[in-house]
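The values are calculated or read from the model by the stated rules, or taken from the named source; none is laboratory data. Here the structure is a predicted model, which is why all the values come from computation and not from measurement. Virtual Cβ from ideal backbone geometry, glycine too; neighbours counted across all protein chains shown. Please note that ligands, DNA and RNA were not included when accessible areas were found on the heavy atoms of the full protein model with its side chains. Shrake-Rupley method; radii C 1.70, N 1.55, O 1.52, S 1.80 Å.
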Amino acid sequence: MKPFDYTRADTLDAAIDAAAQGATIIGGGTNLIDLMKLEVMAPDAVVDITRLPGLSEIVDEGDGLRIGALVSNSVLAADPRIRADYPVLSRAILGGASGQIRNKATTGGNLLQRCRCPYFYDPAMPCNKRAPGSGCGAIGGAARMCAVLGTSPECIAAHPSDMAVALRSLDAQVEIRGPQGIRRVGLDDLYELPSGNPERETSLEPGDIITAVILPAPVAQSIQTYRKVRDRASYAFALVSTALVLTRHEDGRIDRAQLAFGGLAPRPWRDPAVEEILAGQEPSDALFRKAGEALMADAITHETNAFKVPLAQRMLVSVLRDATGLSGATLDTGAAA
């Protein structure tokens, strides 16, 4: 590991000043330390923010909740308010890493974890995200874990977070504090797609620090679920995951389906066209297949990750069947409407 300077910030302003001068912020460190050991990241200075007050609490924010950036994944998943009103978030977190890692990992750090593409983690291999201009080894290589939506010729890495997928389905916002003040952005505005600048993963500017995640008011009488397909039963990143927040009319028609997907794109993926297909419709296998076809209409696949297209479509049909009560009925295998 390359030598580096370590300091512990006494105030948020001090941390912002240090970050603006090039220091790397560390909270739980569950991803950063691994990357530093591999010299994928080699900061000259690291600033510890774990002792800063006010970032480790979950408090009411209007009709929703404010989750401090230093709240651990374990605390967040176990919070009674989260389990009762935002169960999709609790399930997504518990579907992620081991208990030991969840005890250490923070909310802000989870959002900012780096991709798990093997070419990114190997300094001997080409990777435009790690070394701009060197090429993308995953294109034509081992791309099993890589993205099929929102990619570019420069990078096909997928975003690894389970928690972020659930937050995207809940319309959460991220509070950011930096040299220019405080702002709030949605997750689509937090994450950058890789076209042109694959090394730039977020919209954060020098000195910006995530201070909280803001959850809106709970969706009344909603059905919420998170489903994840992975290579082994636990402690593995998603090949494909789906977060669903669904409401229905009294006559059984779908009112709204808020859907976000993991393992498919460089950020948690949400497609308004898919939700529009479902809104106001009577649940049916044909309808769900139509939504799945729309979801993957623009997919760009490679030999080793083409399986993600049918996998995502089947998962979407299965999740919607369970949520709408069709899971007990015979599956209609006819063509989509």
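Miscellaneous remarks
- Unmet requirement for Asn103, which otherwise passes all of (1) at pLDDT 95 or above; (2) touching a helix residue (DSSP H, G or I) at 6+ places or on another chain (Cβ under 6 Å): (1)
- Residues being buried (at least 19 other Cβ atoms within 10 Å of the Cβ), closer than 30 Å to Leu259 by Cβ, of a type in the set (D, E, K, R) and modelled with pLDDT of 95 or more are represented in the stretch 89-98 by at least one member.
- Flag for Ile176 being of a type outside the set (Ser, Thr, Tyr) and touching a residue at least 60 places away in the same chain (Cβ under 8 Å): no
- Conditions (1) modelled with pLDDT of 95 or more; (2) outside any helix (DSSP H, G or I); (3) of a type outside the set (Lys, Arg); number of the one not met by Ile82: (2)
- Cβ pairs under 8 Å, 6+ apart, first in the stretch 1-13 and among the hydrophobic types (A, V, I, L, M, F, W, C), second surrounded by fewer than 11 Cβ atoms within 10 Å (Cβ to Cβ) and in a loop (DSSP other than H, G, I, E, B): Met1/Glu39
- Filter pass, Leu264 being over 26 Å from Met145 (Cα atoms), open to solvent by less than 10 Å² (accessible area, probe 1.4 Å) and not in a helix (DSSP H, G or I): no
- Filtered by the rule that a residue be touching a strand residue (DSSP E or B) at 6+ places or on another chain (Cβ under 6 Å) and either open to solvent by 40 Å² or more (accessible area, probe 1.4 Å) or closer than 21 Å to Val59 by Cβ (or both), the stretch 215-233 gives Leu215, Pro216, Ala217, Val219, Ile223, Arg227, Val229.
- Residue in the stretch 188-202 that is basic (Lys, Arg) and over 14 Å from the mean Cα position of the chain (by Cα) present: yes
- Checked against (1) outside any loop (DSSP other than H, G, I, E, B); (2) among the aliphatic types (A, V, I, L, M); (3) open to solvent by 70 Å² or more (accessible area, probe 1.4 Å); (4) closer than 18 Å to Arg91 by Cβ, Ile182 meets all criteria but (4).
- The residues listed here are Pro160, Pro194, Pro206; of these, the one that is part of a loop (DSSP other than H, G, I, E, B), at pLDDT 95 or above, in contact with a Phe, Trp or Tyr (Cβ under 9 Å, 6 or more places away or on another chain) and of a type outside the set (Phe, Trp, Tyr) is Pro160.
- Considered as a group, the residues in the stretch 128-143 that are without any contact (Cβ under 8 Å) to a residue 12 or more places away in the chain and either touching a strand residue (DSSP E or B) at 6+ places or on another chain (Cβ under 9 Å) or not in a loop (DSSP other than H, G, I, E, B) (or both) include one that is surrounded by the fewest Cβ atoms within 10 Å (Cβ to Cβ), and that residue is Ser134.
- The residue that is nearest to the chain's Cα centre (by Cα), counting only those in the stretch 248-261 that are in a strand (DSSP E or B) and closer than 11 Å to Leu278 by Cβ, is Leu259.
- Condition check for Leu112: within 20 Å of Leu190 (Cα to Cα), surrounded by fewer than 24 Cβ atoms within 10 Å (Cβ to Cβ) and aliphatic (A, V, I, L, M): yes
- The listed residue being buried (at least 18 other Cβ atoms within 10 Å of the Cβ) and outside any loop (DSSP other than H, G, I, E, B), out of Val165, Val148: Val165
- Only a single item in (1) small (Gly, Ala, Ser); (2) under 25 Å from Leu246 (Cα atoms); (3) open to solvent by 30 Å² or more (accessible area, probe 1.4 Å) is not met by Ala124, and it is number (2).
- Checking Val274 against (1) closer than 22 Å to Gly325 by Cα; (2) in contact with a strand residue (DSSP E or B) (Cβ under 9 Å, 6 or more places away or on another chain); (3) of a type outside the set (S, T, N, Q); (4) assigned to a loop (DSSP other than H, G, I, E, B), the condition it does not meet: (4)
- Of all the listed residues (Ala212, Ala236), the sole one being of a type in the set (Gly, Ala, Ser), in a loop (DSSP other than H, G, I, E, B), in contact with a Lys or Arg (Cβ under 6 Å, 6 or more places away or on another chain) and open to solvent by less than 70 Å² (accessible area, probe 1.4 Å) is Ala236.
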